[in-house]
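Q: I'd like to ask you about the structure that follows.
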Amino acid sequence: MLAGRSLIEPLNFSVEEMDDLFALAERIEEDGAYLRDSCRGKLLATLFFEPSTRTRLSFEAAMLRLGGSCLGFADPGSSSAAKGESLADTVRMAAAYADAIVMRNPKEGAALLASRYSPVPVINAGDGGHHHPTQTLTDLLTIKRLRGKPGAGLGDSIGGLTVGFCGDLRFGRTVHSLAKALARYDNIRLVFVSPPELQAPEYITRLLAREHIEYLETGGLEEAMPGLDVLYMTRVQRERFFNEEDYIRLKDTYVLNREKMKLAKKNLIILHPLPRVNEIAVEVDADSRAAYFKQAKYGMYVRMALLASVLGVVD
Ligand code: CP
């Protein structure tokens, strides 16, 4: 039962609870009338202290499609945070007005802190370079839908797959959350492709070693391509760099283009949490293996499933 629960990092929900969410999301996708109006009278507060297109809009679309309503801010400059109000007080206020809170904040740990002050569920929409668990739900649902076996749970769907992550694995919170979530499944192999400065944090690789997950770290995308079933491209996170010089030096290390796609399996799926900057050439969008726009749409269905669940309108 997810009613009343917060989601701060991917491991807050069990494998079985995630399977239930994916099944619910697939049912919502198949039947546009299912759960329509189930959240009538309920309010979702969206507190975005950092920019967002997909996460905020897909949460708002999800709540509106469920018949509920949204309030909040997309720019902290328009909130009393700009006058020095603490996060704890902002969250207490949002919880007084709304039935659930979705929050993005540049500080790692902000969502956990918020959940300690909130009597209503808090959903982490990204806390600095730390976690982005609803992106992970989106990513896993996309892999299940595009590479899974019909009717199977996620574990059976993704067993045997090799998942590659490419780009900024150091600051990319979506990478940290997805790798952590994948470490719970057997028979999966991860390949991390990055320059040395942008390697995945040690806490992630230590976790993989502890869980006996096979993984490889490399700098070469071309060498890795032929073995991959899923390629998760990421943007170099300019906003988390300490200096602009390093960002400029590293930002175009990997650019996936038509030439590189020739090295890949015919049934590879290319994911990207988006926004994309330069790391996937626009020419790749026409390739049937490019799944990043579908992925963004699955994000809305899984967020509908999540909201309906934490608000207690479904079992
Ligand atoms: N994937 C993602 O978090 O996108 P936004 O930053 O646009 O929300």
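The values are calculated or read from the model by the stated rules, or taken from the named source; none is laboratory data. These numbers come from a predicted model, not from an experiment. All Cβ positions, even for glycine, are placed from backbone atoms using ideal geometry, and neighbour counts span all protein chains on display. Surface areas here come from the heavy atoms of the whole protein model, side chains and all, with no ligands, DNA or RNA. Shrake-Rupley method; radii C 1.70, N 1.55, O 1.52, S 1.80 Å.
Q: Note the angle between two axes, namely the Cα long axis of helix 15-30 and the longest principal axis of the Cα atoms of the chain, as a number of degrees from 0 to 90, rounded to the nearest 10.
A: 80
Q: So in the chain, what percent of DSSP beta bridges are antiparallel if you round to the nearest 5?
A: Here the antiparallel bridges make up roughly 5 percent for the chain.
Q: Please state the shape class of region 116-202: rounded when a/c is under 1.5, otherwise prolate if a/b exceeds b/c and oblate if not, all from the C-alpha gyration tensor. The partial results should precede the final answer.
A: Details: a/c = 2.40, a/b = 1.11, b/c = 2.17.
Oblate, because a/c is 1.5 or more while a/b does not exceed b/c.
Q: For the chain, what relative contact order do you get, as a whole percent, if you take Cα pairs closer than 8 Å and at least 6 residues apart?
A: About 21 percent, as a whole number.
Q: Also: In whole Hz, what ³J(HN,Hα) sequence does region 97-111 give by Karplus (6.51, -1.76, 1.60; θ = phi - 60°), x for Gly and Pro?
A: After applying 6.51 cos²θ - 1.76 cosθ + 1.60, I find 9, 10, 8, 7, 10, 10, 9, 10, 8, x, 8, 5, x, 4, 5 Hz.
Q: Counting pairs of alpha carbon atoms under 8 Å apart in space and at least six apart in sequence, what relative contact order in percent does region 133-296 give?
A: 23
Q: Something else now. Express the carbon and sulfur contribution to the solvent-accessible surface of the chain as a percent, rounded to the nearest whole number, probe 1.4 angstrom.
A: It is 49 percent, rounded to a whole number.
Q: What residue among Asp139, Asp168, Asp246 shows peak mean-square fluctuation when the chain is described by a Gaussian network model with Cα springs under 10 Å?
A: Asp246
Q: Could you give each residue of region 247-260 its phi-based ³J(HN,Hα) in whole Hz, using Karplus coefficients 6.51, -1.76, 1.60 with θ = phi - 60°, and x for Gly or Pro?
A: My calculation for region 247-260 gives 4, 5, 5, 9, 4, 10, 4, 10, 10, 7, 9, 4, 4, 5 Hz in order.
Q: Springs between alpha-carbon atoms under 10 Å, Gaussian network over the chain: tell me which of Asn12, Asn187, Asn243 tops the mean-square fluctuations.
A: Highest fluctuation of the listed residues: Asn243.
Q: Also: Per residue, how much accessible area does region 133-296 show when a 1.4 Å probe rolls over the protein heavy atoms, in square angstrom?
A: 43
Q: For a test of the definition: using alpha carbon positions, the gyration tensor, and the 1.5 limit on a/c, classify region 158-292 as rounded, prolate or oblate.
A: Taking the square roots of the gyration eigenvalues as a ≥ b ≥ c, region 158-292 is oblate.
Q: How many Å² of accessible area per residue for region 1-55, probe 1.4 Å?
A: Accessible area per residue, region 1-55: 48 Å².
Q: Output the peptides 56-66, 205-215 sorted from most to least packed, where packing is the average of other Cβ atoms within 10 Å over each peptide's residues. Each step should come with its number before you reach the end.
A: Values: 56-66: 21.2, 205-215: 14.2.
So the peptides 56-66, 205-215, ranked by packing, come out 56-66, 205-215.
Q: Angle between the Cα long axis of helix 292-310 and the longest principal axis of the chain, 0 to 90 degrees, nearest 10?
A: That helix lies at roughly 30 degrees to the long axis.
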